[in-house]
Amino acid sequence: SGLQAHTGNYGRIYNYNMSVPDPIVTDNPTNAAMARGTTPNPTSQPIIRTISFNETLTDSQSTATEHGITAGAEVTVKSEAGLIFAKVGFEVKVSFQYNYTTTNTYTTETSRSWTDSLQITVPPGYVTEHTFIVQTGPYSKNVVLEADIAGHGWFNYSAPGYTGTGIVNITQVLYDNKVPGVTPYPDNFYARFRGSGKLEGKMGLQSFVNLVERPLLGRAGQVREY
C-alpha cells in the first residue's frame, strides 16, 4: 500500500484581525526645537507682537511580520490601533499594514505640518527668546495577527487490488506539517491562525512655544521662563 503527496489544495484565509495587546507606550517623548527667534525691546514702552510658526516634521513607521503563514498568494491587510502615550496622556490612532504570508517589512514616512501663533508682550529693557517645539513619541509594540483558515486537499492512495482518491481537511494538513500558531475548530474543517508582528516608529504628539525673558545686555532684571 502507499500514500502519494497531495495533488490539489483548495484553501482560503479570511476573517483577518490585527491587534496590539498592550497599547500603552511608556517611552519618554522627546522635544525637538523646530524654530527659534528673539524679540528685543530697547525702548521704554512694552512691545506687543504676534509670532507665528509653520514647520514640517516627518513621522516614520515600520511593520515587520515575525510569524506568518504560507499561502498560495501574498495576503496584505491594513488596520489601525490606538496607542496611549502614558507620559503625556495622549491617545493616538496609528494605521499599519502587514503581510500575513511573508516576512516583508513595510516602512512609511509621513510629513505633517505643525503650526502655532500667539501674542507676546516684551517688557521695556528685555529680550524675549521664543522656541517652537514639537514633542515626538517613539513606540515599539508587538502585534497579534489572526485569521481563519478553511479548505481541503486531495491525495491518492493505493493498496493491493485497489487505488483511490481521498480528501484531507485543512487542519489535518497543518497538523501534519507542524505549523505553529494554528488551533483547529471543533469540526476540524476550520482553524484559527495566530501569528505575530512588530510595530515600531515615532510620531509627533503636540507642539508648544517656550518663552524666555532676559534683561538686555547692561540692563538689570530677572530671567523669566514660561
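Summary table
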{"item": "Filter pass, Val173 being assigned to a strand (DSSP E or B), among the β-branched types (Val, Ile, Thr) and modelled with pLDDT of 70 or more", "result": "no"}
{"item": "Residues of region 26-54 satisfying the condition of being under 23 Å from the mean Cα position of the chain (by Cα) and more than 21 Å from Tyr139 (Cβ to Cβ)", "result": "none"}
{"item": "Residue in region 120-147 that is surrounded by the most Cβ atoms within 10 Å (Cβ to Cβ), counting only those that are under 28 Å from Phe85 (Cα atoms), out of contact with any Lys or Arg (no Cβ under 7 Å at 6 or more places or on another chain) and polar (S, T, N, Q)", "result": "Gln135"}
{"item": "Residue among Gly82, Gly151 that is at positive phi and of a type in the set (Gly, Ala, Ser)", "result": "Gly151"}
{"item": "Pair list, Cβ < 7 Å and 6+ apart or interchain, from region 4-29 residues that are closer than 30 Å to Gln206 by Cα to residues that are assigned to a loop (DSSP other than H, G, I, E, B) and at pLDDT 90 or above", "result": "Ile24/Ala86; Val25/Ala86; Thr26/Ala86; Asn28/Lys87; Pro29/Lys87; Pro29/Val88"}
{"item": "Subset of region 141-170 [hydrophobic (A, V, I, L, M, F, W, C) and either in a strand (DSSP E or B) or at pLDDT below 70 (or both)]", "result": "Val143, Val144, Leu145, Ala147, Ile149, Ala150, Trp154, Phe155, Ala159, Ile167, Val168"}
{"item": "Filter result for Thr136 (farther than 21 Å from Thr50 by Cβ, touching a Ser or Thr at 6+ places or on another chain (Cβ under 7 Å) and part of a strand (DSSP E or B))", "result": "yes"}
{"item": "Filter pass, Val127 being in a strand (DSSP E or B), in contact (Cβ under 8 Å) with a residue 60 or more places away in the chain and either in contact with a Pro (Cβ under 9 Å, 6 or more places away or on another chain) or not aliphatic (A, V, I, L, M) (or both)", "result": "yes"}
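The values are calculated or read from the model by the stated rules, or taken from the named source; none is laboratory data. Quantities reported herein were computed from a predicted structural model and do not represent experimental measurements. Neighbour counts are summed over all protein chains in view; Cβ atoms, including those assigned to glycine, are modelled from backbone coordinates with ideal geometry.
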